[in-house]
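To keep things clear, I will list the structure first and then write my remarks on it.
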Amino acid sequence: MSDTSVRIDLPANRLERQIPDLKPPLSEASALAEANRCLYCYDAPCIQACPTAINIPEFIKRIATGNTKGAAKTILESNILGHSCARVCPVEVLCAGACVYNDKEEPPIMIGRLQRYATQYAYDRNLQFFKKGAPTGRKIALVGGGPASVAAAHELTRLGHACTVLEGRATPGGLNTTGVAPYKLHAEDSLEEIAYVQQIGFEIKTNTWVGKDVAIESLLADYDAVFLGIGLGADSRLGIPGEDTPGCTGAVAWIERMKNEPSYKLEGVTHAVVVGGGNTAIDVARELLHLGVPCVSMAYRRDEKDMSGYVHELAAAKKEGVRLEFRLQPKAVVGGDRVTGMTFQVVKPGEGGKLVPVEGAEVTLPAELVVVATGQEKLEAFVKAIPGVGFEKGRVVADKRTGATGHPKVFAGGDCANGAKEVVNAAAEGKVAALGIDAYFQTLSQPQEISVIIK
Ligand SMILES: Cc1cc2nc3c(=O)[nH]c(=O)nc-3n(C[C@H](O)[C@H](O)[C@H](O)COP(=O)(O)OP(=O)(O)OC[C@H]3O[C@@H](n4cnc5c(N)ncnc54)[C@H](O)[C@@H]3O)c2cc1C
Ligand code: SF4
């Protein structure tokens, strides 16, 4: 059954609620002091580093001069998901990483926290800055209810097009609701953002899987354009013995339960092993520690320098007490009715960087919970079933300037097209695709060229 209203009344007894916000909101005094540190650089490098090109010096100046409402408008004009981005963006490698204060060896401006201060001001007062455009008669179906589709739907609605977002899960928001670490954003905050953004007037149908509850062919027939914002698929599997033992799970599935499922508990887990070296592995390890698991190990095949997770996130994980185990290749999950541990083959780098086993060297780490964070599958079969839409290197082939695919009516953006980046990239690409769809409609509206042959 589909549902068109956003549910923000998630039950309170979810595990994620035990994890507090690691960067709480700034007080007014702190926000003003921080805003007044900004040097308002000409040609500001922070703007270049933000995928949605928010005019950062402008919004900070507005905070500094007491115009917090104006600051929120500046942010949301460029990035309608500026509220969640303020909390989830890896600012260390984006805007704040480009701040000129870094060169002076002084702390960069807390751009994310100032952004949160301004957007929270607008949310608390439900200040709405954008209006639905005059109706054009065009209809767009947006597949997936994550950041890419929601940003696209907002922009298209501003342009007067009627949008329907189709989300398979019970709640919209994509990974902002189901995947992002609770110490950055809780699920209810993601749903609050969607409800705020949706007020412009687009529809969200939840519990509606395209390909199961509604056919993509019918969307192509019934709508003027279709946007694919489907993200990525289920967790990748290791393909080793014992992987289906209760207590062994994929990382994204585990995070979703921990964030969204009221009955889920971590009873009896004193040792946990997280397999992987990326940001998701680091998130899970930190979440487990925050939830009180005394011993959390991250097991990775290679060395620390090879890990794909952000350096600042790994540093935080180490500081909090995550144990790092290197050069361990998963061999088997151990246990009968429940997981009791995980066995690894010890490896070392061989010729051409290829890993080779160290003969006779195996390690078994005790664990009542094993979480596999080695990536997500790609929704290749779904995409390839759409005529004309290309799929290469695990991504939907889409024009970066317009989101256009090989099917004239189909556009794409977000993780499914960029291969997995950040929420801010999905928001940027959703907006780009919205403008691409609008430009496509303009080409349809133009009168056909009439050639007059004079005899
Ligand atoms: C564990 C984890 C933690 C992360 N943490 C951060 C972070 O801290 N900061 C950050 O910026 N980024 C983070 N990211 C990345 C970020 O969440 C993604 O880049 C972003 O959510 C991508 O948005 P999207 O809309 O493309 O896809 P998604 O957010 O994945 O949304 C896609 C939606 O489409 C739905 N869907 C899929 N197929 C169908 C279908 N056939 N029919 C209907 N609905 C469908 C899905 O249910 C899902 O809700 C994280 C990612 C993961 C996995
Ligand atoms: S959206 Fe993200 S990257 Fe852009 S300015 Fe805000 S916090 Fe920085």
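The values are calculated or read from the model by the stated rules, or taken from the named source; none is laboratory data. The shown structure was predicted, so the numbers you read here are calculated from the model rather than taken from an experiment. With ideal geometry, Cβ positions are generated from the backbone for all residues, glycine too; neighbour counts draw on all protein chains shown.
Quick notes on this structure:
- Considering the range 367-409, and only residues there that are assigned to a helix (DSSP H, G or I) and aliphatic (A, V, I, L, M), the residue that is surrounded by the fewest Cβ atoms within 10 Å (Cβ to Cβ) turns out to be Ala381.
- Screening the range 89-127 for residues that are among the polar types (S, T, N, Q) and without any contact (Cβ under 8 Å) to a residue 60 or more places away in the chain and picking the one that is farthest from Ala181 (Cα to Cα) gives Asn102.
- Scanning the range 267-277 for residues that are farther than 10 Å from Met298 by Cβ and among the small types (Gly, Ala, Ser) yields one hit, Gly268.
- When residues in the range 265-315 are screened for being more than 27 Å from Lys421 (Cβ to Cβ), touching a residue at least 12 places away in the same chain (Cβ under 8 Å) and of a type outside the set (A, V, I, L, M, F, W, C), 7 of them pass.
- Checking Gly201, Gly168, Gly173 one by one, the residue that is under 13 Å from the mean Cα position of the chain (by Cα) and not in a helix (DSSP H, G or I) is Gly173 and no other.
- Options His271, His186; residue that is more than 16 Å from ligand 2 (Cβ to nearest atom), within 23 Å of His154 (Cβ to Cβ) and not charged (D, E, K, R): His186
- Of the numbered criteria (1) surrounded by fewer than 22 Cβ atoms within 10 Å (Cβ to Cβ); (2) in the same structural domain as Lys421 (by TED's automatic domain parsing); (3) assigned to a helix (DSSP H, G or I), the one Gly160 fails is (3).
- Against the numbered list (1) modelled with pLDDT of 95 or more; (2) away from ligand 1 (no atom under 12 Å from the Cβ); (3) of a type in the set (Gly, Ala, Ser), Ser263 comes up short only at (1).
- Failed condition for Gly352, given (1) in a loop (DSSP other than H, G, I, E, B); (2) under 28 Å from Tyr300 (Cβ atoms): (1)
- So Thr119, is it among the polar types (S, T, N, Q), touching a Gly at 6+ places or on another chain (Cβ under 6 Å) and within 16 Å of ligand 1 (Cβ to nearest atom): yes
- Those residues of the range 356-370 which are among the aliphatic types (A, V, I, L, M) and free of Cβ contacts under 8 Å to residues at least 40 places away in the same chain, in sequence order: Val356, Val358, Ala361, Val363
- When restricted to residues that are near ligand 1 (Cβ under 10 Å from one of its atoms) and aromatic (Phe, Trp, Tyr), the range 383-440 contains 0.
- Of all the listed residues (Ala64, Ala44, Ala86), the sole one being under 28 Å from His312 (Cβ atoms), in contact with a Gly (Cβ under 7 Å, 6 or more places away or on another chain) and not assigned by TED's automatic domain parsing to the domain that holds Ala187 is Ala86.
- Criterion (at pLDDT 95 or above and not in a helix (DSSP H, G or I)) met by exactly one of Gly145, Gly112: Gly145
- Failed condition for Ile194, given (1) under 26 Å from Gly419 (Cβ atoms); (2) surrounded by fewer than 18 Cβ atoms within 10 Å (Cβ to Cβ); (3) under 24 Å from the mean Cα position of the chain (by Cα): (2)
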